[in-house]
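All remarks here apply to the structure that follows.
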Amino acid sequence: MNTIREHVTMIGLGPMGQAMAAAFLDKGHPVTVWNRTASRAQPLVEAGATLAASPTDAIAAAKLIVLSLTDYDAMYAILGDHTAALAGRTVVNLSSDTPQRSREAAEWFAGHGARFVCGGVMVPAPLIGAEEAYVFYSGPSEAVDEHRDVLSVIGRVDYRGEDPGLAQLWYQSQLDVFLTMLSSFLHSAAMLATAGVSAAEAAPYATETLRLAADIIDMSVPAVDADDHADVGASTAMMGASADHILGASRELGIDTTLPEAVKTHYDRAIAAGHGASGWTSLYRTILRPPAE
């Protein structure tokens, strides 16, 4: 017995949009696609997708519209002249922006008779549909539940709540960790490069350090959640001295100091607020409630 798969419209065919549309097709879902540069749709059309002539045609083709765009401005630019087609649709925006912009978008879509779901995809395009893939979602729970099977094609559905801004909040919070980690590796590699050390030689040590950091994150959770930052062997003052030495070494080597300056600023502010003898997690207080300039 053949199962009728839900029809999906995919708007935005950058690497992520192409990967999602291909995953839908691979699982047997009828897919309609639209992109400003129509030539990007050609491989998907050859795989069985239908190329819509306009955003209105794309919206009309399915009850579920998935967006993968640069930001929310791109969404409004594409859909702004085609709002009459939105009534009765569920729009899942997997583009990146801020939590407040997601809340504003939910109101905008509601004004045009559509349900809005915000999403944040937590893997790069090559891992779409892989076992480790997952996506944060927020918005109407009934909309997520109605389309859960097709959304699961992209990755595990991790629903965060009714507030449309929550998925974006979770998404940006994890990108905060990810991007800072990547920048820290490049900064570390640049430090070692001044001594002729290759990134290939440095990388295994950086990976080992990141594993240690992961363990320390797990150990720090009770202190952060309780906002109780007793020194258990790594005080703010001691860690701040390390931050100062990293900055000093970077200046001495003549490499960019933006990242170590930012880290040192966190420690300086915490120490100035009287947390020098507390555990390093006391930085959380001045990050959450930064002192007035």
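Just the number please: accessible area per residue for the chain, 1.4 Å probe, all protein chains included, in Å².
53
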> When Rg is the radius of gyration of the Cα atoms in the chain and Rh is its Kirkwood radius, what does Rg/Rh come to?
Replying inline: 1.07
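I need to check one value: relative contact order of segment 114-170, counting alpha carbon pairs closer than 8 Å and at least 6 residues apart, in percent.
Computed value for segment 114-170: 41 percent relative contact order.
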>> Given R₀ = 30 Å, what would the calculated FRET efficiency be for Asp227 paired with Ser54, taking r from the Cβ atoms and rounding to 0.05?
In response: 0.05
>> Can you give me the solvent accessible area of His7 with a 1.4 Å probe, rounded to the nearest 10 Å²?
In response: 60
>> What figure, in Å² to the nearest 10, do you get for the accessible area of Ser54 with a 1.4 Å probe and non-protein molecules left out?
In response: 30
>> Would segment 149-293 count as rounded, prolate or oblate if I go by the C-alpha gyration tensor, calling it rounded below 1.5 in a/c and otherwise prolate when a/b exceeds b/c, oblate otherwise?
In response: oblate
> If you build a Gaussian network model of the chain, linking Cα atoms that sit under 10 Å apart, which residue out of Asp163, Asp218, Asp268 swings the most?
Replying inline: Asp218
>> Rounded to the nearest 5, what % of DSSP beta bridges with both residues in the chain are antiparallel?
In response: 20
> Quick one: how many Å² of Phe178 are accessible to a 1.4 Å probe, rounded to 10?
Replying inline: 100
> Of the residues Pro99, Pro30, Pro43, which exhibits the maximal mean-square fluctuation in a Gaussian network model of the chain defined by a 10 Å Cα contact cut-off?
Replying inline: Pro43
>> Using a Gaussian network model on the chain with a 10 Å cutoff between Cα atoms, which of Val91, Val123, Val232 fluctuates the most?
In response: Val232
> Around Ala133, which amide H atoms from residues at least 5 apart in sequence, or from another chain, sit under 5 Å from its own amide H, with H modelled in the peptide plane?
Replying inline: Arg156
> Which value, in Å to one decimal place, does the Kirkwood hydrodynamic radius take for segment 1-85 when every pair of different Cα atoms is included?
Replying inline: 12.8
> Rounded to the nearest 500 deg cm²/dmol, what is the calculated helix-only ellipticity per residue at 222 nm for the chain, with -39500 (n - 2.57) per DSSP H run of length n ≥ 4?
Replying inline: -15500 deg cm²/dmol
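The values are calculated or read from the model by the stated rules, or taken from the named source; none is laboratory data. Please read all numbers here as calculations on a predicted model, not as lab measurements. Positions of Cβ are generated from backbone atoms using ideal geometry, with glycine treated the same way; all protein chains shown enter the neighbour counts. Each accessible area value is taken on the protein alone, full model and side chains, heavy atoms only, with ligands, DNA and RNA left out. Shrake-Rupley method; radii C 1.70, N 1.55, O 1.52, S 1.80 Å.
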